[in-house]
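Data first, discussion second: the structure below is written as C-alpha cells.
The values are calculated or read from the model by the stated rules, or taken from the named source; none is laboratory data. All values reported here derive from a predicted model rather than from experimental measurement. Because the Cβ atoms are built from the backbone with ideal geometry, glycine has one as well, and the counts that use them run over all protein chains shown.
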Amino acid sequence: MCVLEGPDLVDAALESGVEFEAVYVDATALDGPFITALTQKATDRGVRVFALAEGVVEKIADAQTPQPVLAAVRFEQREVISIAKSGFVVVLHDLRDPGNVGTIIRSADAAGATAVILTGQSVDPFNPKTLRASAGSIFHLPVVVTSIDAVVSYFHGDAQLLATVVRGGRSHRAIDFTGASVVVIGNEADGLDAATIERCDQTISIPMDGRSESLNAGVAASLIAFEALWQRRDAAAVSPPRSL
C-alpha cells in the first residue's frame, strides 16, 4: 500500500482501476469544481471518501506545498517472470533519486516500454516523490523490484542485455532495438559496477559533444527509450502501395 498526493495523480489512479483503500480531501477544498468531480468519480467507483479538517493534509503529506487530496492505494506486487521477454525493458540499478526514477517511468511509458525494473539499492518506486514524478505513468506499465541476478537469469538468451556507460560503448543509435532489448541504467554518481557490466552482452553510450562529463540518468534513459520507439515504428511501417 502507498499514498498518492494531488488530484491529478489520484484521478490517474481512478482511471487505471487500481485498488483504493480511501480518498482523503481537505474539507476547505470540497466545493472546488475539479475536487467535486474527483470525489464523485471515486464515490461512483465505490471508493470511500473522507473529509479532513483544515490543516490535517499539511501535517501528513510528503510534499512541502501539499495539494488538498490524498489517497491510499494498493499496488500489485509483480515478479520479473511476469514480464514478457519481448519489446523494450528498462532496468534501473542502484538509482537513488526518486525524481530520476519517476521521470524514467514516465518516459518509458511514453516510449511504449514493456516494463521498468528496479534492482540493487534503488529507491522505492512507490514513495511519494517517485509517484509524483511519474505523473501517473506508474499505473500504465509494470514496475518490478527484484535483484540484478534475477533479471540477468530471466532474460539471458531471449533478449539483448545492454549496459549503459558514459564513454566507450557502442552508440545507442547503432543498436538494433527492433528485437527484445533490456537496457540497464546505473547509479547517478557512479554508473554501473564492473561486475554488472560484465554480465551484459555489450555496452552502449550516448555520443556527446561539449564539455559535459555525463548526462542525467533520467535524460539518458529517455533518449535510449525513444530511440527504441522510433526504430520499432520504422520497422513496423508499411510502405504505401504503388499508384502506377
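Taken together, the residues in segment 1-11 that are surrounded by fewer than 16 Cβ atoms within 10 Å (Cβ to Cβ) and closer than 16 Å to Val49 by Cβ amount to 0.
Per the conditions (1) of a type in the set (A, V, I, L, M, F, W, C); (2) under 23 Å from Thr130 (Cα atoms); (3) in contact (Cβ under 8 Å) with a residue 24 or more places away in the chain, the sole criterion not satisfied by Ala189 is (3). Residues that are in a helix (DSSP H, G or I) and touching a Phe, Trp or Tyr at 6+ places or on another chain (Cβ under 7 Å) were ranked within segment 12-41; the one that is surrounded by the most Cβ atoms within 10 Å (Cβ to Cβ) is Ala13. Among the criteria (1) buried (at least 18 other Cβ atoms within 10 Å of the Cβ); (2) on the phi > 0 side of the Ramachandran plot, the one Val143 does not fulfil is (2).
For Phe177, the requirement of being surrounded by 15 or more Cβ atoms within 10 Å (Cβ to Cβ), assigned by TED's automatic domain parsing to the domain that holds Arg232 and over 26 Å from Glu5 (Cβ atoms) is met. Leu215 meets all of the listed conditions (1) surrounded by 18 or more Cβ atoms within 10 Å (Cβ to Cβ); (2) aliphatic (A, V, I, L, M); (3) under 19 Å from Ile105 (Cβ atoms) but one, namely (1).
Within segment 14-55, the set of residues being among the charged types (D, E, K, R) and more than 28 Å from the chain's Cα centre (by Cα) comprises Asp26, Asp31, Asp44, Glu54.
Matching residues to (1) surrounded by 15 or more Cβ atoms within 10 Å (Cβ to Cβ); (2) out of contact with any Ser or Thr (no Cβ under 6 Å at 6 or more places or on another chain); (3) not in a helix (DSSP H, G or I):
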| site | (1), (2), (3) |
| --- | --- |
| Val57 | yes, yes, no |
| Gln67 | yes, yes, yes |
| Arg78 | yes, yes, yes |
| Leu95 | yes, no, yes |
| Gly102 | yes, no, no |
| Arg106 | yes, no, no |
| Gln121 | no, yes, yes |
| Ile138 | yes, yes, no |
| Val152 | yes, yes, no |
